[in-house]
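Worksheet: the structure to be examined is printed underneath.
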Amino acid sequence: MTQVTMTVNGKTVSGDVEGRTLLAEFLREGLKMTGTHIGCDTSQCGACVVHMNGEAVKSCSVLALDAEGAEVKTIEGMANPDGSLSTIQQAFQDHHGLQCGFCTPGMVMSAAALLKDNPKPTEREIREYLEGNICRCTGYHNIVKAIMAASGQDVGAIAAE
Amino acid sequence: MPKDHGIGASSKRREDLRFLTGRGRYTDDINLMGQAYVHFLRSDMAHGKINGIDTSEAEKMPGVIRIFTGKDFEGVGGLPCGWQVTDRHGNPMQEPPHPILAQGKVRHVGDPICAVVAESAAQARSAAEAIMLDIEELPAVIDMKAAVQDGAPKVHDELDSNLCYDWGFVEENKDAVNKAFEEAAHVTTLELVNQRLAPNAMEPRVAVGDYAPGTDESTLYTTSQNPHVIRLLMGAFVLGIPEHKLRVVAPDVGGGFGSKIFHYAEEAFCTFAAKAIQRPVKWTASRSEAFISDAQGRDHVTKIELALDADNNFTALRTETYANMGAYLSTFAPSVPTWLHGTLMAGNYKTPLIYVNVKAVFTNTVPVDAYRGAGRPEATFQLERVIDKAARELGVDPVELRRQNFVTEFPYATPVAVEYDTGDYHATMDKLLEMIDRDGFEARAAESKARGKLRGLGINSYIEACGIAPSALVGQLGARAGLYESATVRVNATGGLVVMTGSHSHGQGHETSFAQVVADMIGIDEGMVEIVHGDTANTPMGMGTYGSRSLAVGGSAMVRATEKIIAKAKKIAAHLMEAAEGDIELKDGEFTVAGTDKSVAWGDVTLAAYVPHNYPLEELEPGLEETAFYDPNNFTYPAGAYACEVEVDPDTGKVEILSFAAADDFGNIVNPMIVDGQVHGGLAQGIGQALLENCAYDEDGQLLSASYMDYAMPRADDVPFYAVDHSCQTPCTHNPLGVKGCGEAGAIGSPPAVVNAVVDALHRGGHSHVMHIDMPLTPHRVWQAMHQA
Ligand code: FES
Ligand code: FES
């Protein structure tokens, strides 16, 4: 066991981990922050996406030890300081961008990373960016729509809510 | 004007607040004090005889608490099958035992052999690697038709053969059907495969067993769509725990699509082991494990024949299907190719004579059971493909051929045992054609052609039977369960309500939509209604959520219970206002006396019920809490018309979906936003089946597509924005809300639209020999079809 220290959602945290412990496992089991989900074991589904030093990463493919000293942001840290939903979260609710909610943390974190780099993405850009995030419930329609809406684009013309 | 609250409003989902902030409580988020972890050592061969298991080294590994093998389960029941099918000759299906841990043999890759319980999941995994297995590999049967040949290796030595049942429906009609084929002016025949799929809810299955020695009570937390069903099956048939000593909790569940209906070995194991070691035991499936342990779906091979008269009226339909059961009978597996498939073969059409033959077969593969649509996608695909082929052979418009044969009068008794209560298939087809600009298609096709692409349009209808119920009917058909639903409505003194429902929400948004219904009935704010589900300790016995039954059956139970609440509340209001009960009206949360200006508020009445100072105690009990069980008298029959436009790249065979339109008739709608979302999700799964997904086994029974590297899940860039419409509404005639169910339609109706479109594109490109391509329509398959002689 080795001690690891990082900042998660602005708070300094530390814990003992094995060399093989994944960041996703450290968050869920070490810190009991269960908002980050694990949906696969081949780094394909994106349910585990968090931000590390401002970049979206799949926390199932980062060793906890490699996050030593890093700034990590998870879904638990996405709401506004007053607890209200952030713009992206609110757009997901407004446009029904989630059903079972399992892929949602990863979707929101990916969407936030996309909009940081590309504040007005096209439909195609969003769909391509979400290549690494699988959702089995929504058929993606309302996720893409929510992200467009969160970026301030008019989604009124897109068929159906 | 869209409504802003109550029935018909797109109320935003309240459950989203916890899911969007990382505060959901899924089963894997539950960690109990002192919990141990289990890892299952599973068979890596499809068929083998267990000669020995040596756990001695593994037991010495760090953290190991106990290793279980089949021996520990010798006195314990196997997993029960919940549906018995009777074959063509009146005999019951062959029903092999389904042990918790392998007994003597392994029968599919993934069959659990040993369970290692340790202090951590990693330790359990490591120790499992130290178990020495002596398993003699036996020849495996993977192909269904090979499995029923004489001399084929038997999956279960104790059975006569690998044939589970040979089912004929309706057996008495067989001769008349055959005669109609002899007299037909035209017969269209199609052989097709409805390939095996992995349901792939994004949350892998999890089970946490707990045992309280002080009270001898067991608790199971599990990723289930129907906790009461698990409690009954596991308690009564597997572990022998009476229901009052067993609690099953299915908290937030990350999608199900059928795969979380069934009672699985891991659930029984964790419950059993928690008592054995007197500590909580947790199991979390990896995705790789899900691929070889979650029940899979579909897997039918079918020959379908359609007979038409000289005027192109359908005169008879005949099918022969091989349906793969896998190595064991999963909970509801036998019902899927029979009663959920054969009964739908009439489709939207008035074909007078139908005969369906289904041979269910055991093979050395993962068990197969209901997956979104369950039997109905298979029926719809065959029918809508054979009709398209018939139209092509006859040189008639596929839409007109369908229209000419539509059922138009209701109720309509099909020749396959069901009665459609209501519908309007022309209306949804009209709506669809309006949505897709069919007239403009030729110009679009020409534009594609100019770019070197082949454009095609596929259109089809569908009907499905859902709101799955009548207990009496399903009992006759072999179900070993009732299919009612339940609700308890508890009104609190201060006027808020808690609805405890037997339905289960794992993405459907019941916490929002069910609250809309109750709030609307009383005329109060939706925020005053809380929906509780998923825990056998605080909900009445319910059958759970599948077969698009939640609102149609569970919602109806809730309406009935709320009606009882309102009836009692009116009595209390009549007393408070010294008026006759018959004169009391309830509107917008106010009770009034007809023809007067007297009124009392909802909250005054609820308070009186619990503070019964001024109260008719001699006639009426205090309190305000009612339960209802609802058992409908028929299925519901959503129906509609779907269209898909594709572009095929003739150089590569790659198919791109350009647009997809769905016109559905779901009867009345409670929350249009949620209904749209259900259709979107179903369409993506149907498009996934049509173009991408496949559980491919090699001849040794290894699942080749056992991870997201190889199993092609639909991703955001594989699908378009969908156009969906549900303005055609023929309300269900037999449930109080007039609702039909919308959860599966998208997955049922969409695969034929895609395949019809691709075949159309190829014909337009001059490949007129291509009459069918089996799903998934990968670039390779499409290219091959184009270039076959
Ligand atoms: S859990 Fe990280 S990509 Fe699937
Ligand atoms: S909302 Fe269920 S997987 Fe995306």
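Go through the range B:447-489 and give me each residue that's assigned to a strand (DSSP E or B), at pLDDT below 95 and among the small types (Gly, Ala, Ser).
If the condition is that a residue be assigned to a strand (DSSP E or B), at pLDDT below 95 and among the small types (Gly, Ala, Ser), then B:ALA479, B:SER486, B:ALA487 are the ones that fit.
Looking only at the range B:633-668, which residues are surrounded by fewer than 24 Cβ atoms within 10 Å (Cβ to Cβ) and in contact with a Cys (Cβ under 9 Å, 6 or more places away or on another chain)?
Listed by number, the residues that qualify are B:ASN634, B:ILE657, B:LEU658, B:SER659, B:ASN668.
Among the strands (runs of 3 or more DSSP E) contained in the range B:246-358, which hold 3 or more residues that are surrounded by fewer than 24 Cβ atoms within 10 Å (Cβ to Cβ)?
Of the strands (runs of 3 or more DSSP E) lying wholly inside the range B:246-358, those with at least 3 residues that are surrounded by fewer than 24 Cβ atoms within 10 Å (Cβ to Cβ) span B:246-249, B:297-308, B:314-326.
Looking at the structure I just gave you, is A:GLN89 within 15 Å of ligand 2 (Cβ to nearest atom) and free of Cβ contacts under 8 Å to residues at least 40 places away in the same chain?
When the stated conditions are applied, A:GLN89 passes them.
Somewhere in the range B:505-517, is a residue of a type in the set (S, T, N, Q) and in a strand (DSSP E or B)? Talk me through it step by step, then tell me what you get.
Within the range B:505-517, the first condition is being of a type in the set (S, T, N, Q), and the residues that meet it are B:505, B:508, B:512-513, B:516.
Of the ones still in play, those that are also in a strand (DSSP E or B) are none.
No; the residues of the range B:505-517 include none that is of a type in the set (S, T, N, Q) and in a strand (DSSP E or B).
Filter the range A:101-155 down to the residues that are acidic (Asp, Glu) and part of a helix (DSSP H, G or I), then identify the one that is farthest from ligand 1 (Cβ to nearest atom). Before you say what the answer is, go through the steps one by one.
Step one: of the range A:101-155, the residues acidic (Asp, Glu) are A:117, A:123, A:125, A:128, A:131, A:154.
Subset that is part of a helix (DSSP H, G or I): A:117, A:123, A:125, A:128, A:131.
Numbers: A:ASP117: 20, A:GLU123: 24, A:GLU125: 21, A:GLU128: 17, A:GLU131: 12 Å.
Ranking the candidates gives A:GLU123 first.
Name the residue that is farthest from the other protein chains (Cβ to nearest Cβ), counting only residues in the range B:705-720 that are touching a helix residue (DSSP H, G or I) at 6+ places or on another chain (Cβ under 6 Å) and crowded, with 21+ Cβ neighbours inside 10 Å.
The residue in question is B:ALA706.
Look at A:LEU31 and say whether it is in contact with a strand residue (DSSP E or B) (Cβ under 7 Å, 6 or more places away or on another chain), over 19 Å from A:LEU114 (Cβ atoms) and away from ligand 1 (no atom under 16 Å from the Cβ).
Yes; evaluated as a whole, the condition is true for this residue.
Is it true that some residue in the range B:183-199 is within 14 Å of chain A (Cβ to nearest Cβ), away from ligand 1 (no atom under 16 Å from the Cβ), crowded, with 21+ Cβ neighbours inside 10 Å and closer than 27 Å to B:PRO714 by Cα?
Within the range B:183-199 (the criterion being within 14 Å of chain A (Cβ to nearest Cβ), away from ligand 1 (no atom under 16 Å from the Cβ), crowded, with 21+ Cβ neighbours inside 10 Å and closer than 27 Å to B:PRO714 by Cα), the answer is yes, since at least one residue qualifies.
Quick one: in the range A:94-125, which of the residues that are more than 8 Å from ligand 2 (Cβ to nearest atom) and within 7 Å of another protein chain (Cβ to nearest Cβ) is farthest from B:GLY254 (Cα to Cα)?
Among those that are more than 8 Å from ligand 2 (Cβ to nearest atom) and within 7 Å of another protein chain (Cβ to nearest Cβ), it is A:ASP94.
What tally of residues in the range A:13-38 results from selecting those that are at the interface with chain B (Cβ under 8 Å from one of its Cβ atoms) and in contact with a Cys (Cβ under 8 Å, 6 or more places away or on another chain)?
3
Answer yes or no as to whether B:PRO199 is within 16 Å of ligand 2 (Cβ to nearest atom), in contact with a strand residue (DSSP E or B) (Cβ under 7 Å, 6 or more places away or on another chain) and within 30 Å of B:ILE142 (Cα to Cα).
Answer is yes for this residue.
Tally time: how many residues in the range B:569-625 are assigned to a helix (DSSP H, G or I) and among the hydroxyl-bearing types (Ser, Thr, Tyr)? Give the steps one after another, and end with the answer.
Taking the range B:569-625 first, the residues assigned to a helix (DSSP H, G or I) are B:569-576, B:581-583, B:602-610.
Remaining after also requiring among the hydroxyl-bearing types (Ser, Thr, Tyr): B:606, B:610.
The number of residues fulfilling the criteria is 2.
Having 2 or more residues that are polar (S, T, N, Q), touching a helix residue (DSSP H, G or I) at 6+ places or on another chain (Cβ under 6 Å) and surrounded by fewer than 19 Cβ atoms within 10 Å (Cβ to Cβ) is the bar; report the strands (runs of 3 or more DSSP E) wholly within the range A:4-86 that clear it. If you could, list the steps in order and put the result at the bottom.
On the way: elements: A:11-17, A:49-52, A:55-58, A:71-73.
By residue number, no strands (runs of 3 or more DSSP E) qualify.
The values are calculated or read from the model by the stated rules, or taken from the named source; none is laboratory data. Please read these numbers as outputs of a predicted model, since none were measured by experiment. Virtual Cβ from ideal backbone geometry, glycine too; neighbours counted across all protein chains shown.
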